[in-house]
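The values are calculated or read from the model by the stated rules, or taken from the named source; none is laboratory data. Since the model is a prediction, treat every value here as computed from it, not as a measurement. Please note: Cβ atoms are built from the backbone with ideal geometry, for glycine as well, and neighbour counts cover all protein chains shown. Keep in mind that these areas ignore ligands, DNA and RNA; they rest on the heavy atoms of the full protein, side chains included. Shrake-Rupley method; radii C 1.70, N 1.55, O 1.52, S 1.80 Å.
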Amino acid sequence: MAFLRPTPLALALFALASPAGAEDLRIGLITPPPHQWTRSASHLAGELNTATDGRLSLAVFPSGQLGNEAQMLQQLQSGALDLAFLTVGELSNRDENFGILTAPYLVDTATQAATLLEGPTATGLQDNLAALGLHGLGYGMAGMRIALLSKPLKEGGTVAGRKIRTVPLAQQLDFWTRAGAAPTPLPLPDLFDAYANGQIDGMQLDFEGTFDNRFHDYSAVVLDTEHMIFPMVAVASARKWQSYSAEDRALITRLVAAETAQIRAAYPQIDADYRAKLIEAGANVVKPGPEIFGDAVTGWYEAWREKTPLLIQLETEAKVIRE
Ligand code: BEZ
């Protein structure tokens, strides 16, 4: 599948060759081409093409080619963009309830994370997308969150005092502030430069992103905390959604659901594989407990249960899954 913006000439030639009623859809993501989300978007494009004999095509725009998530959200709202795989970063800035999915130590494993994202609270939360001009098509996820530090950690040390990259959402900024760190919100495409030039001295990411960007080469320690889920929300523009036929809506719903299910199922193994690759590459991977964050976890829950009571329902569900 092509990742490039088509030229006007290419579009004109394609239109001539397209079957009657053909429609060219677009999907935007911030992840780079090798990332699982982008590979799944490309697979979706192939499936859509095959299922409609080329009547519906889907051009994939990875690496923030269409802009950051705030800009993609505007394009979805105006109907300039059909589909996106979004993190909960920008969504949480519009509706804080989405941030509950990033609660610390909600579940222990990526398998449990997938189950929680299939549960009634997360699924029900998708109804809130309508108020943002979006139509929810299900959850994917990335690997469990870990943390990297560029400078060594003393025995019994914590993350306090480090300048840590987080995704730009209130719950995350609050968590790292409570841990005594200086949270620095940065989107994924800006991470490499910021770490390499010392603008940040640590980051919250996952095993896959760490290895693919060789961030371990700049890190004294890779903290295998797995302290948080990182959901992906597959969305359609509500405006564009209305314009598709009922059959096409059903088809897109089914195909996107298959991709997100595959992504959720794949991440436990992706995490394990990339962890092993990091160790093989000589990264200093250590496994601390929640005390690495001081007493941030307790204070965080007290504050966010009050601000977003839906968190309590999600915690109840997570507790059953952990047992
Ligand atoms: C991140 O911003 O950390 C991120 C975004 C998308 C996929 C994985 C990680």
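State all residues of the stretch 223-245 that are in contact with a Lys or Arg (Cβ under 9 Å, 6 or more places away or on another chain), of a type in the set (A, V, I, L, M, F, W, C) and either under 19 Å from residue 272 (Cα atoms) or open to solvent by 10 Å² or more (accessible area, probe 1.4 Å) (or both); if no residue qualifies, say none.
Those that are in contact with a Lys or Arg (Cβ under 9 Å, 6 or more places away or on another chain), of a type in the set (A, V, I, L, M, F, W, C) and either under 19 Å from residue 272 (Cα atoms) or open to solvent by 10 Å² or more (accessible area, probe 1.4 Å) (or both): 223, 228, 229, 230, 241.
Looking at (1) under 24 Å from residue 174 (Cβ atoms); (2) over 16 Å from the mean Cα position of the chain (by Cα), which one does residue 145 not meet, given that it meets all the others?
Evaluating residue 145 over (1) under 24 Å from residue 174 (Cβ atoms); (2) over 16 Å from the mean Cα position of the chain (by Cα) leaves (2) as the failure.
When only residues in the stretch 230-252 that are within 13 Å of residue 76 (Cα to Cα) and part of a helix (DSSP H, G or I) count, which is nearest to the chain's Cα centre (by Cα)?
238
I'm trying to understand the selection: among the residues of the stretch 21-59, which are touching a Gly at 6+ places or on another chain (Cβ under 9 Å), more than 16 Å from the ligand (Cβ to nearest atom) and in a loop (DSSP other than H, G, I, E, B)?
22, 55
Quick check on my filter: what residues within the stretch 109-132 are open to solvent by 20 Å² or more (accessible area, probe 1.4 Å) and in a loop (DSSP other than H, G, I, E, B)?
Answer for the stretch 109-132, where residues must be open to solvent by 20 Å² or more (accessible area, probe 1.4 Å) and in a loop (DSSP other than H, G, I, E, B): 109, 118.
Considering the stretch 179-209 alone, what residues qualify as being in a strand (DSSP E or B) and more than 11 Å from the ligand (Cβ to nearest atom)?
Within the stretch 179-209, 182, 183, 184, 202 meet the criteria.
If you scan the stretch 97-134, which residues turn out to be under 16 Å from the mean Cα position of the chain (by Cα) and acidic (Asp, Glu)?
118
For the stretch 183-198, state whether one or more residues are surrounded by 24 or more Cβ atoms within 10 Å (Cβ to Cβ) and polar (S, T, N, Q).
The answer is no, given that none of the residues of the stretch 183-198 is surrounded by 24 or more Cβ atoms within 10 Å (Cβ to Cβ) and polar (S, T, N, Q).
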